[in-house]
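Q: This structure is in structure tokens; I'll ask about it shortly.
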Amino acid sequence: MRVLGILGGMGPQATIDLYQKVLNYTPATRDQDHLQVLIWSDPHIPDRTAAILYGGMDPSYALCAGAAKLVSGGAECIGIPCNTAHYYLAAVRRAAQGVPVLDMIELTAKAARDCLGTGARVAIAATQATLATRLYDSALASVGLVPMVPSPPEQVIIDDLIFGPSGVKAGFVDANNCRRFQELCVRLFSSGAEGIIAACTELPLLAGSPSTMLPIIDPTSILAQALVSFGLKD
């Protein structure tokens, strides 16, 4: 088994969600069957949206410092449970000094293609900063999928679910927000989406159980599976 690293804190609940999913995907019947995991959860990493859209403090320095801590602690592979932070992936990989840092966005695009088939229209439910970077647009197009962005009114709902005073980052993972997210997904499907990527790691917390009627693709689950696959290798 190999030691896994989680570069988290963006936000803390998304970090917990990734670790829980690593546990869920690990074939274990006792404590000793589980993987060794180092978690660096730094909620003081500067806001990625503020940096990308409004010239706020650059988070890459804190991201790189966190990656270096994980490497020095013995991590042999690193996952980042934050979609927007993947804008800085190249810098984080340099800081990791050869330790692989998984690309959650690339992995998710391939999983979406496998789930939906080439040519499918895929809605990207994400922060405005993630949309502005066009990371998902490029990744989806590279595997033959058609990216679809929410309308401005739909984006207002997404932003409020993530950042609002009663949003997930404020600690509100509740029935009301789950209902609002499901209603948003229905709107996106009604607009022509054949699948939806919950492309902010706060949103899978609201998605509930996977559904074949509403194919919502969870990047956190996909990243967890990739980490477990790496960790179980001899």
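Every number here is computed from the coordinates shown, using simple stated rules; none is lab data. Please read all numbers here as calculations on a predicted model, not as lab measurements. Don't worry about glycine lacking a Cβ; one is built from the backbone with ideal geometry, like all the others, and counts go over all protein chains shown.
Q: Name the single residue, out of those in the stretch 73-106 being crowded, with 20+ Cβ neighbours inside 10 Å and among the polar types (S, T, N, Q), that is farthest from Ala14 (Cα to Cα).
A: Thr84
Q: Evaluate the stretch 132-147: report whether one residue or more is crowded, with 22+ Cβ neighbours inside 10 Å, in contact with a helix residue (DSSP H, G or I) (Cβ under 8 Å, 6 or more places away or on another chain) and in a loop (DSSP other than H, G, I, E, B).
A: yes
Q: Next question. For the stretch 114-132, check the following and say yes or no: at least one residue is on the phi > 0 side of the Ramachandran plot and touching a residue at least 24 places away in the same chain (Cβ under 8 Å).
A: Yes, the stretch 114-132 contains at least one residue that is on the phi > 0 side of the Ramachandran plot and touching a residue at least 24 places away in the same chain (Cβ under 8 Å).
Q: Still on this structure: State yes or no: is Arg134 of a type in the set (Lys, Arg) and within 30 Å of Asn176 (Cβ to Cβ)?
A: Spelling it out, it is not the case that Arg134 is of a type in the set (Lys, Arg) and within 30 Å of Asn176 (Cβ to Cβ).
Q: Out of the residues in the stretch 91-142 meeting the condition of being among the charged types (D, E, K, R) and touching a Gly at 6+ places or on another chain (Cβ under 8 Å), tell me which one is farthest from Tyr54 (Cα to Cα).
A: This residue is Arg113.
Q: While we're here: Find all pairs meeting these conditions: Cβ atoms under 8 angstrom apart; at least six residues apart or on different chains; first residue within the stretch 184-205 and of a type in the set (Asp, Glu); second residue in a helix (DSSP H, G or I).
A: Pairs that qualify, where the first residue is of a type in the set (Asp, Glu) and the partner is in a helix (DSSP H, G or I), are Glu194/Leu116; Glu202/Gln13; Glu202/Ala14; Glu202/Leu161; Glu202/Ile162; Glu202/Val168; Glu202/Lys169.
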